[in-house]
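To start, the structure itself, in structure tokens.
Read the figures in this text as sums done on the coordinates, not as results from a lab. Note that the coordinates shown come from a computational prediction; the quantities given were computed from them, not determined experimentally. A quick note on method: Cβ atoms are made from the backbone with ideal geometry, for glycine too, and the neighbour counts reach across all protein chains shown.
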Amino acid sequence: MNKRKSYVYKITGLALLAMVVTSCSSDDDDDLGNWVDKSVFDGSPRSSVSGFTIGNTGYMGVGYDGDDYLASFWAYDIEGDYWSQKADFPGAARNAAVGFEIDGTGYIGSGYDGVDELTDFYSYDTASNTWTEIASLPTARRSAVGFGINGYGYVGTGYDGENDRKDFYKYDPATDSWTELVGFGGNKRRSATTFTIDGLVYLGTGVSNGVYLDDFWVFDPATESWTSKLDLDEEDDYAIARSNAVGFTLNGYGYIATGELGGATNTVWEYDPASDEWEQKTSFEGATRQDAIAFSNGSRVFIGMGRTGTLYLDDLDEFFPLDEYDDED
Amino acid sequence: MSSTVKYSLAIVLFLVLGFGIVMYIQSEPSQNQIFESQIVSLDDGFGYKILRGEKIVIVQEFVPGLPGKQQFVSKEEAQKTANLVLSKLEEGKSPILLPTDLAKLNISTQVGH
């Protein structure tokens, strides 16, 4: 009897052990990488979206999914790593619009609805989840650049349907009006990129008549003046020129990532404003893409959406530049 | 005597079954995990969460697409909206809800917006 009992215990014990061993089977922890796959924006691929980051939330909307121009508008919670669908963009569904933030309010406007380049502009209030139409941009365009700084919005360059542009306009939320801003010395272009470091806005890349531009500029909002920086082909090993890239800032450095250069690219370049020099970083690990979007709250950055050729992408990756220094050492 | 054998057989069968279930759950690739919804009760109504496995992918505290902060007026309306999102995701479609989707579902919206 004792023997039988011990037999039962042995079987039970062995089986339990087997269960424990299997349920503990290791989930391979990903190596600490430079790019970490984050929330998948499930099944909603879109490119040429527009957006802005306010606090710890990235806002992204409009765009084109290969079939339709989109009007839906979403918020990505950086801490919680999830999405929420917000109030629909009230203007015509469009892509290649610009988005920027001024003092906690988001703005999206201009762009292309599939037929025409557009001028209309809207502000988004995050607290009330409502859109308000504001004064229209004086001239229609798509694939422009837009940035908000020192309480004003600036929109310039782009394509008006016939020509690439080099003109800039300044938006004053206090008077709800646009005024032309003269003084940009660069060439006309579309699909350029900007990033902001310590209150200065850097502008580069873009394309015009099939030529990828390699001039690089800094805008000082205090004096509203543009100053030329070293060209993007200054060093022989630079391969920064491109269009449809994303620009963002992290820990005092500027970045230009992904984009289009005779096809989608996933390379990443880091700009040091102190030395006016560029360094190549580890390439974006998600699928190579153009017309993506970057969300950055200053300490973390996420890149997602976009397309490669005619395949539209829906993933989002987080970029850890400090991990790259270790890799390259 | 035979009851001990039966007992041990039953234990073994039970454990084999449990073992199988654990193996099945673990072998399921994460991207094939089924989407689920959770209805959440809020101050002035209801919202929903969409989860894939244990991962929250969408949190919807307000009726999607509508301006302002309109919550679902009933659990049922939140549930049928979440169900539509689930069915879109399961078909590999975008989880975007269009105004026409909300109209088809007869979702109550505040007057004056």
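Which residues among the range B:39-64 fall inside the zone where the amide N is under 19 Å from a point 7 Å beyond the Cα of B:V73, along Cα→Cβ? So the set is B:40-48, B:61-64.
Each Lys and Arg adds +1 at its Cβ and each Asp and Glu adds -1 at its Cβ; summed about the Cα centre, the range A:35-328 shows a dipole of about 940 debye. Peptide A:67-80 has a mean of 2 when you count, residue by residue, the C-beta atoms of other protein chains within 10 Å of its C-beta. Each of A:E277 and A:D220 was given a label point 7 Å from its Cα along the Cα-to-Cβ line. The distance between the two points is 2.4 nm. Overall, the range B:33-104 carries a charge dipole of about 180 debye about its Cα centre when +1 sits on the Cβ of Lys and Arg and -1 on the Cβ of Asp and Glu, all other atoms neutral. Spin-label model, A:D68 to A:S128: label points 7 Å out along the Cα-to-beta-carbon direction sit 2.8 nm apart.
FRET efficiency for the pair A:S228 and A:A287, taken as 1/(1 + (r/R0)^6) with r the Cβ-Cβ distance and R0 = 30 Å, rounds to 0.30. Residues in the range A:95-118 near a label at A:N56, defined as backbone nitrogen under 20 Å from the 7 Å Cα→Cβ point? Under cut-off, by backbone N: A:104-106.
Other protein chain C-beta atoms within 10 Å of residue C-beta, averaged over B:89-100: 4. Cross-link pairs exceeding 29 Å between alpha carbons, from the set B:K55/B:K93; A:K166/B:K93; A:K166/B:K69; B:K49/B:K93: A:K166/B:K93; A:K166/B:K69.
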